[in-house]
Amino acid sequence: MRREGEIIELADWLSTPAGRYLLDWEQQQIDACVADVFGFHALQVGLPQLDALRANRMPHRWVSTDVAWPDVQPSPAEGASASSPSLLPLALHCDFDALPFPAASLDLVVLPHALELARDPHRALAEVERVLVPEGRVVIAGLNPTSLWGLRQTCGRLCRRLPGGGKDLFLPRVGEFIGYRRLRDWLRLLSFEVEGGRFGCYRPPVRTQRWLERFAWMESTGQLWWPVFGAAYVLVAVKRVRGMRLIGLARRDRNKPQPAPAVVANRQRETESA
């Protein structure tokens, strides 16, 4: 099937130097985003090559894929061993726009390129909003179309449409880039509040490890001079529910002894009685 062929192509690309470079940066960013998110239920949607929940300590964790990824097994969290299967996330096979969870049941959902791989990214994002509890968080990783990688991919697609044009693309054919600002607008329509985001992977679209290392200086330069033009971004948003306010445990003020009322003598009555 065409869909499975594209997934295999993406899996092969992620094993290249450029793919590992992308996964390493996203792994670091997502680890920092999910480490302090507390709750009971967490879900990773798509891209099992990236262990998006390894830094999170929620007791119930799942990894969902819409097709069978080749030769990919969930990796244990840091400090876990293969002999402790309870620490491994459970693998699910379902559509991204039809998650098998009841409404308001998950505390954290991580989408590493899931919207780019989804058949309908709008419905997939709405499904995430449905399953998240109020104040639940979603972490989204995506490719930036306004970057050197995005420009290279766009030029490659235009050349393929020309008669006798080249067929060489830097990135896999699967999926469509979703811009950072465009994604923020989608989240606002679904009552999400964006907590923060970060761009990265400023090196140009080269294929070999040698050339990636040569352009390592562009990481610090890119963050300083063109921060929004990184090849990838990670965004964190919180589900807000209007009219709802979450509070902690109600405080009970200690019953402090009230001072006794002062006794005031009525001198006028004493004078009249005298």
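The values are calculated or read from the model by the stated rules, or taken from the named source; none is laboratory data. Please read these numbers as outputs of a predicted model, since none were measured by experiment. Glycine gets a Cβ as well: all are built from the backbone with ideal geometry, and neighbour counts include every protein chain shown. These area figures cover heavy atoms from the full protein model, side chains too; ligands, DNA and RNA do not enter into them. Shrake-Rupley method; radii C 1.70, N 1.55, O 1.52, S 1.80 Å.
Would you mind calculating the gained length between ASP24 and TRP226 on full extension (0.36 nm times residue separation, minus the Cα-Cα distance), in nm to one decimal?
Length gained, ASP24 through TRP226: 70.6 nm.
Which order do you get for THR65, THR208 if you rank them by accessible area with a 1.4 Å probe, largest at the top?
Accessible-area ranking of THR65, THR208, largest first: THR208, THR65.
What residues of region 169-206 lie in the reach of a label at LEU158, counting those whose backbone N is under 18 Å from a point 7 Å from the Cα along Cα→Cβ?
The answer is 169-171, 177, 205.
What distance in nm separates the two pseudo spin-label positions at ARG242 and GLU9, each 7 Å out from Cα along the beta-carbon direction?
Label at ARG242, label at GLU9, 4.3 nm between them.
Under a Cβ-Cβ cut-off of 13 Å, what is the net charge of the residues other than ASP120 that fall near it, where Lys and Arg count +1 and Asp and Glu count -1?
-4
On full extension of the chain, what length is gained from GLU219 through GLU176, given 0.36 nm per residue of separation minus the C-alpha to C-alpha distance?
Separation in residues times 0.36 nm, less the Cα-Cα distance, equals 13.0 nm.
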